[in-house]
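Participant: Could you have a look at this structure, given as structure tokens, before my questions?
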Amino acid sequence: MKRRTYLKTGGAAAIAGLAGCLNVTDSNDGTTTDDTTEGTTGGTTTGTTSEPDEPLTVATYDSFFGDDGTAGNWLKQAWEAEHDTKIEFTAPSNGVNEFISRKKQGAGIDADLFVGLNTGELVRVDEQLPNARLFDTPDGLANANRIKDGLQIDPERRALPYDTGYISLVYDSTEIEEPQTFDDLTTPAYEGALLAENAQTSDPGRAFLLWTIHEMGPENYLDYWQDLADNDVRILDDWQPAYNAFMNRERPMVVSYSTDQVYYHGEDELPRHQIGFLNDQGYANPEAMARFADTNQPETAAAFMDFVLTDEAQANIAVNNVQFPATTTADLPDEYDQYAHEPPEPVTFTYEELAGNLDGWINEWARQIASS
Amino acid sequence: MDKRVGAPDSEQLAPTPARALLAAAGLATLLVLLVVFYYPVWTVFENAVLRDGYGVFDALADPLAAVTPDVLLGVLSDPFFLGAAHTLFEAPLRVPGDAAAWTVELLATARPAVVSRPPFVVLVHDAGNVDFGLFGFTAYQAVLSTVLSVLVGLPGAWVLARFEFPGRRTLKSLTILPFVLPSIMVVAGFVATFGTFGTVNNVLAALGLGRVEMLYTLELVLVAHAFYNAPLVTRMVGTAWENVNANAVETARSLGAGRLRSFTDVVLPQLLPALAASALLTFIFTFMTFPIVLGLGGLRLATVEVWLYASVNQLDYETAAALGTLETAFSLFFMYVYLRYEARRASSGTGKPLPRERLFSADTLHDWLRRAGVAAYGVVVLVVFVLPLVSMVLASVGGVSDPTLEWWRLLVERQGSRTEPSVAVRNSLLFGLGALAVALPMGVVVAAFSTRGGRFRKLGDTVLMAPIAVSGVVVGFGLLQGLVFGVDIGPYRVSVVGPAVVVLAHAVAGYPFVVRNVAPMLGNIDSRLVEAARSLGADRARALWDVELPLVWPGVVAGAAFAFAISIGEFDSTIILAGESTYTMPVALKRFLVDRTAGPSIGPAAAMGTVLLVVTALSFVVIDYVGGRYRP
């Protein structure tokens, strides 16, 4: 593996002085990582491999790591206690899109693993990069067969789910009755009651839209949303403003997660934080991890993925991320289990069902809402 | 590149080096713009005009093969984007017939009524069955936002310029505070203030007037736009007002002009350039509005920028580039028209300013009426500006009903973790000062360039103003693929990132404010003063430094405050260029917002927002104080 080589000529230094940090790397080097030294400084090698002794760079989203009590920090500490390889997290602001763009433009990937991929994003990766491999399939993960079948998002098993959330309604039972079906939401009893999120930009918003398509069918979902719009549904840009408005009692119902009561289970709080599973369903939104095909530490990356799927890691990720484990064998603490509700019937679209449809569904929907 | 124009320490600058210095400053400005703005933005826009696989050099070599209008036409002929006007591009021959039918339709169906819907009076809200499309709606709400911002901002300029009261200078310094606030905090503040159970409604309910649903209406979005942009009007017009030459007014009065007449004939013409400039900026900003519309209005009130962002998100670069190009072309067109007819009558700091009345003493009925007006305006300021800000501060302590210091404790505990509040404060201030040091010379040089010259100068001037006419989403994405990903040069891949680049990006975003504050004043300087200096042996740079700059100094200070504010509030390019460890206050705020260890509360973000508020407030006071003390 080639390392990043730095030009230290006078010319480059002069430009660097002007512009701050000017990185010059070898163009053919698609597998650079963040280290800047040529050659390693001794130390032990990791596991059974002869891979470079450098930190494993894990690209993820902002809330996955940072402080004690996050899933990422637990993973880092637990992994580093047993392994010589360090874990480094980064949170690119455009998520997986950044790596799609990097791959398209021939820029280095600069990471070994991506954590926090959902089905729609994986579909987009494959649609955007039909002839290039951003991720590859890890072999021989001992724990991979514990993943629940219903949660698998990738027919090629490049992306492996490590937890899942269920999108549901959260409603204030002091204001409204529990809605039972999707059609209930279009009745006068729920006029001006629902807050949702923009499916173009928000994960729960997209999951809720997909749930309605799952129930109403691709032919009818726009009609259903017209009824919702006529019943004065409000679609805000993201989960945070929607949930904040719900907390300010602006509206009694919000599209959110079925783990809501983990945060709010005080006696006076519970009535205001009831979970509504429409049609006794919840839309599963599994989060997956995948190894970058360009990594120069494929075995270490695979070992880390296997580690994430151990029972102990699964329980800790679920609790810290306020989600559910992706494997069949993980056990959750009782107190957590009591307030994190799973829908009687989880539903979700598979990779095959989303491929070729997702962007079209979302665009049609957004055009209709914006024109109404 | 942040060399002061004309070094003051060398008393006898030879003409040639001084001119070279000015030219060098100009070239440095262009270089910075090229690297951190024009090139990155071009990498996005080229998707709208070039065929796949063609670059800018192919376009120059063989324009016919490389350039295609298809992408732009695709957007322009789509009724969703352009409404009824799409026919212009889809089938031009149908236009006369359609326009006739359209007029009939408009006359038949539009209800140009002033509808009263408490608490708002809704202007022509219903355009009947005629569809204006996404661009039409975006322009419509931008026009309304501009009108409201001017209405809310203008009295502020009057109060600050014409009355004397304790704390006036501080208040003036604080006017641009809203400018730096992240939209998410403004949305939260507005929900807490104008929501069904918000402060305003609680007062209404207590008065027995009943609650009014204000959230998710266009009207409230307009108020939020006024929250951001009215301070711009206040600050820019207020600065011009303070520089109105009292002698001219006194002359007019002594010649028999009444109060009104002397205002319309003498004062108003001197305010108009600042008023027009601030209105134009407001229009451009609100035309490119994005999170505010979605947070307070919902997707129903989507604007062009919402679609642009969604397109980038779906990696649909062609649509994104087309929308961005049209948006920018639209903004720059207005900018050019404005610059072309910019009245060069703005006052500069010559002569003595108008005397200020003492606010807290009144003798005549007229005086009392004026003060009643000020008091009424004070109520508006209280509701539109103070309450949302106070709500945000209150959210950081869990509100009035259930106070807690938990979020502040959490903020303190974050010291030593991934995102340290103190590091965020330090980085923000360093970036802000750095951006200021670069943006001021850039702005003054460009202002000096733009003040003189004819039609082509104005065209150049327009292009130099582009940083405020290009959407933040486009700039951010351009920086990512243009600078962070890098370009292949020979066998090497060159990428430009890091703190110094953040400073430059901030300076580029901020310097247009320096230009627009300084240029009108510079244009008004009696050219005989400069000529006199030149004939006495001063070269161009020395004349600028010794004669012109002191005269336009109030504009420089006002521009400096804006440049600093832009840097402090900047998010898009910071997060892309700065990297994991060089975060600023808005970036830290965003991280605390999604910090699930604190639960779904906005408390930690509100606490960080309060820190942001206090730090920037202090900075503004210092900038104005130092700027007022120090004149070259």
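The values are calculated or read from the model by the stated rules, or taken from the named source; none is laboratory data. Remember, predicted model here, so these are calculated numbers, not experimental data. Backbone-built Cβ (ideal geometry, glycine too); neighbour counts: all protein chains shown.
Participant: Check the stretch B:247-254 and report whether any residue there is surrounded by fewer than 17 Cβ atoms within 10 Å (Cβ to Cβ), within 13 Å of another protein chain (Cβ to nearest Cβ) and not aromatic (Phe, Trp, Tyr).
Facilitator: No, the stretch B:247-254 contains no residue that is surrounded by fewer than 17 Cβ atoms within 10 Å (Cβ to Cβ), within 13 Å of another protein chain (Cβ to nearest Cβ) and not aromatic (Phe, Trp, Tyr).
Participant: Follow-up. Just one of B:ALA252, B:ALA206 is farther than 23 Å from B:ARG356 by Cβ and over 31 Å from the mean Cα position of the chain (by Cα); which is it?
Facilitator: B:ALA206
Participant: Out of the residues in the stretch A:85-127 that are over 21 Å from the mean Cα position of the chain (by Cα) and either buried (at least 21 other Cβ atoms within 10 Å of the Cβ) or part of a helix (DSSP H, G or I) (or both), which is nearest to the other protein chains (Cβ to nearest Cβ)?
Facilitator: My answer is A:ALA107.
Participant: Restricting the search to the stretch B:270-304, which residues are touching an Asp or Glu at 6+ places or on another chain (Cβ under 7 Å) and within 14 Å of another protein chain (Cβ to nearest Cβ)?
Facilitator: B:THR289, B:PHE290, B:PRO291, B:LEU294, B:GLY295, B:VAL304 - these are the residues of the stretch B:270-304 that are touching an Asp or Glu at 6+ places or on another chain (Cβ under 7 Å) and within 14 Å of another protein chain (Cβ to nearest Cβ).
Participant: Just the residues that are under 11 Å from A:GLU250 (Cα atoms) and at the interface with chain A (Cβ under 7 Å from one of its Cβ atoms), please, taken from the stretch B:182-197.
Facilitator: Across the stretch B:182-197, the qualifying residues are B:VAL191, B:ALA192, B:GLY195, B:THR196, B:PHE197.
Participant: Could I ask something else about it? How do the pairs read when you match residues in the stretch B:490-506 that are more than 7 Å from chain A (Cβ to nearest Cβ) and closer than 14 Å to B:GLY432 by Cβ with residues anywhere that are surrounded by fewer than 24 Cβ atoms within 10 Å (Cβ to Cβ) and of a type outside the set (Val, Ile, Thr), using Cβ under 7 Å and keeping only pairs 6 or more apart or on different chains?
Facilitator: B:VAL502/B:ALA578; B:VAL503/B:GLY434
Participant: Name every residue in the stretch B:261-289 that is within 14 Å of the chain's Cα centre (by Cα) and among the aromatic types (Phe, Trp, Tyr), in order of residue number.
Facilitator: Correct list: B:PHE283, B:PHE285, B:PHE287.
Participant: Which one is farthest from the chain's Cα centre (by Cα) among residues in the stretch B:594-607 that are assigned to a helix (DSSP H, G or I), more than 20 Å from A:ALA91 (Cα to Cα) and aliphatic (A, V, I, L, M)?
Facilitator: Looking at residues that are assigned to a helix (DSSP H, G or I), more than 20 Å from A:ALA91 (Cα to Cα) and aliphatic (A, V, I, L, M), I get B:ALA607.
Participant: Mind checking which residues of the stretch A:187-234 are within 12 Å of chain B (Cβ to nearest Cβ) and hydroxyl-bearing (Ser, Thr, Tyr)?
Facilitator: A:THR201, A:SER202
Participant: To continue, here is another question. Among the listed residues B:GLY482, B:GLY399, identify the single one that is within 14 Å of another protein chain (Cβ to nearest Cβ) and over 27 Å from the mean Cα position of the chain (by Cα).
Facilitator: B:GLY399
Participant: Sticking with this structure for a sec: Residues in the stretch B:557-572: is at least one surrounded by fewer than 24 Cβ atoms within 10 Å (Cβ to Cβ) and either within 14 Å of another protein chain (Cβ to nearest Cβ) or modelled with pLDDT under 85 (or both)?
Facilitator: Taking every residue of the stretch B:557-572 in turn, at least one turns out to be surrounded by fewer than 24 Cβ atoms within 10 Å (Cβ to Cβ) and either within 14 Å of another protein chain (Cβ to nearest Cβ) or modelled with pLDDT under 85 (or both).
Participant: Sort out which residues of the stretch B:494-542 are of a type in the set (S, T, N, Q) and closer than 30 Å to B:SER278 by Cβ, and write them in order of number.
Facilitator: Once the filter is applied, which keeps residues that are of a type in the set (S, T, N, Q) and closer than 30 Å to B:SER278 by Cβ, the stretch B:494-542 yields B:ASN517, B:ASN524, B:SER527.
Participant: Right, another one. Sort out which residues of the stretch B:441-491 are within 21 Å of B:LEU31 (Cβ to Cβ), touching a helix residue (DSSP H, G or I) at 6+ places or on another chain (Cβ under 6 Å) and outside any helix (DSSP H, G or I), and write them in order of number.
Facilitator: Answer for the stretch B:441-491, where residues must be within 21 Å of B:LEU31 (Cβ to Cβ), touching a helix residue (DSSP H, G or I) at 6+ places or on another chain (Cβ under 6 Å) and outside any helix (DSSP H, G or I): B:MET465, B:ALA469, B:VAL470, B:PHE485.
Participant: Something else: Looking only at residues in the stretch A:235-259 that are assigned to a strand (DSSP E or B) and in contact (Cβ under 8 Å) with a residue 60 or more places away in the chain, which one is nearest to the other protein chains (Cβ to nearest Cβ)?
Facilitator: A:ILE235
Participant: Here is a further query. Any idea which of (1) more than 25 Å from B:THR303 (Cα to Cα); (2) at pLDDT below 90; (3) more than 12 Å from chain A (Cβ to nearest Cβ) is the one B:THR170 doesn't satisfy?
Facilitator: Among (1) more than 25 Å from B:THR303 (Cα to Cα); (2) at pLDDT below 90; (3) more than 12 Å from chain A (Cβ to nearest Cβ), the lone unmet condition for B:THR170 is (2).
Participant: Okay, next question. A:THR60 - would you say it is buried (at least 20 other Cβ atoms within 10 Å of the Cβ), hydroxyl-bearing (Ser, Thr, Tyr) and within 24 Å of A:LEU151 (Cα to Cα)?
Facilitator: Taking the combined requirement at face value, the residue satisfies it.
Participant: Answer with yes or no whether A:GLU82 is more than 11 Å from chain B (Cβ to nearest Cβ) and either over 21 Å from A:SER202 (Cβ atoms) or crowded, with 22+ Cβ neighbours inside 10 Å (or both).
Facilitator: Here the answer is yes, as A:GLU82 does meet what is asked.
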